Every structure is written in structure tokens, then in C-alpha cells.
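Below is one structure, written out as C-alpha cells; comments come after it.
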Amino acid sequence: MDQTLLNEEIRNQVREFFKDLNQEIAVLFFGKEQGCETCADTYQLLKEVSELSDKIVLEKYDLEKDAAVARRYHVDKAPGIVIAAKDGDQITDYGVRYAGIPAGHEFSSLIHDFLLVSSRDSGLSQRTRELLKKVNQPVLLQVFVTPSCPYCPRAVVLAHQMAMEHPLIESEMVEAIEFPELSERFGVSGVPQTTINEGAGTIIGAVPEEHLLAEILRVAGKKAEV
């Protein structure tokens, strides 16, 4: 694709943000050849963003042809994105994922997550970090969004911070319009909606850190007292 998606003004703004990239990150893109309307644009977007810093390494995979890699990173949708830490040849997966194109307001989530993973620190409060240690079973956070939702990035980034902090927590932004069957399955009528463990918990709206923490602990069967 020859046409660029980012104009020079946005590129310059992103370059400024990327001055704060501390360590290398790996951006893993998963697409497929048929039945994915946004795969080409998603890869093009990631390519343009990745070119703005030498600390970003972009890798391209096919969801079906590279099924073993997709399974390793728990990716089952296209376009799928994993933002991981890269240290030499070693890639560390923090459970930070996207399903669907991070367009509109979600572009800011993408840039924020690049900085987050590069820092290797969730940025959560000490209380949240301590309470998350109680989680001893897998937790999947799926944050349903639309590109036009101004409140969605806050919910996405917070869920990704939770995933950064705990190895058993994974968090996936889901573009609700691109995955209508999934949205219908979980009764998504407004965004952002955070679905925990496929409906065991649900949060509507962009909520404070302690609210999401309490729901994660409730689903995981843990109490919130310190």
C-alpha cells in the first residue's frame, strides 16, 4: 500500500512521544489473506508507527499459516496485535493485545501501550500491585471499544496495565464493530465494556483503577482487604 495513513503532523507528535521509549519492544501483527477487511490498513498503520523509532521491531504473521505462533501468544482474531518486550533475541509477552484496528481514539491507546511496555512497569498503585498478587488463576480482560469513543482508551490502557503487572492476566482491546458476533455474545450495547473471563464479570464505562481491581478480585475469588 503506497498511501500513508499518518500525516506529517501526527508523525512528529508520535516522534516526540517516542523519545520516552526506554527499551526495545516487539510489535507482532497477525493477519489473514481472506475475510479480514482491516488487516491491510492495520499492518500499514503499525508499519508507519514502527518506522518512527529504532526501538520498535515489527513482525508480521499470518493467523492461519503461522498458527503455532498465534497459539503461543493466544491470538485468535485478525487483525491481531501483540505488544511485547524485546531484549536481544528474547521476547517477553505481557498479555497486551489488540483485536481489530486501533483507529480513531484507540490510536492513542496504541501509542501509550508502546511507552508502557517499553518502560517494563505497569504504573499501577502499590496497593493494586499488592492485591493483584492474590490472583492465582488466569484472568482475561476483553475491552470492547469503537474508534469514535473518547472514553475507551482509558479503559483499554488500564486493562493493559493490569496485564503488565500480573503474568496470569491478559488484556485484549476488541473493536466491537469488527467483531459483531463477540459483541452480541457478551451483550455489548455501550462502550467501553470490559468483559472478564468471558462474562464472569462485566464493567461498563471507564472506571477508576480500584473499581477494575475489585472486579478482577471478585471473579478470581479473592478478597480486596490488604
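The values are calculated or read from the model by the stated rules, or taken from the named source; none is laboratory data. Quantities reported herein were computed from a predicted structural model and do not represent experimental measurements. Please note: Cβ atoms are built from the backbone with ideal geometry, for glycine as well, and neighbour counts cover all protein chains shown.
Name the helices (runs of 4 or more DSSP H) wholly within the stretch 1-87 that hold at least 2 residues that are under 20 Å from Ser109 (Cα atoms) and among the β-branched types (Val, Ile, Thr)? Filter on the stretch 1-87 gives 8-18, 39-50. Residue pairs whose Cβ atoms lie under 8 Å apart, separated by 6 or more positions or on different chains, with the first residue in the stretch 155-168 and closer than 11 Å to Asp113 by Cα and not assigned by TED's automatic domain parsing to the domain that holds Lys134 and the second in a helix (DSSP H, G or I) and of a type in the set (Lys, Arg), do not occur. Would the stretch 27-35 turn up any residue that is at pLDDT 95 or above and exposed (fewer than 13 other Cβ atoms within 10 Å of the Cβ)? There is no residue in the stretch 27-35 that is at pLDDT 95 or above and exposed (fewer than 13 other Cβ atoms within 10 Å of the Cβ).
So, in the stretch 174-202, of the ones that are under 23 Å from Lys133 (Cα atoms) and in contact (Cβ under 8 Å) with a residue 24 or more places away in the chain, which residue ends up surrounded by the most Cβ atoms within 10 Å (Cβ to Cβ)? For the stretch 174-202, the residue satisfying everything is Thr194. Checking the stated criteria, Tyr61 turns out not to satisfy the condition of being modelled with pLDDT of 95 or more, under 16 Å from the mean Cα position of the chain (by Cα) and of a type in the set (Phe, Trp, Tyr). Looking across the stretch 203-226, just one residue is free of Cβ contacts under 8 Å to residues at least 60 places away in the same chain, of a type in the set (Val, Ile, Thr) and not in a strand (DSSP E or B), and that is Val207. Of all residues in the stretch 82-92, which are over 16 Å from Asn22 (Cα atoms) and in contact with an Asp or Glu (Cβ under 9 Å, 6 or more places away or on another chain)? Within the stretch 82-92, Val82 is the sole residue that qualifies.
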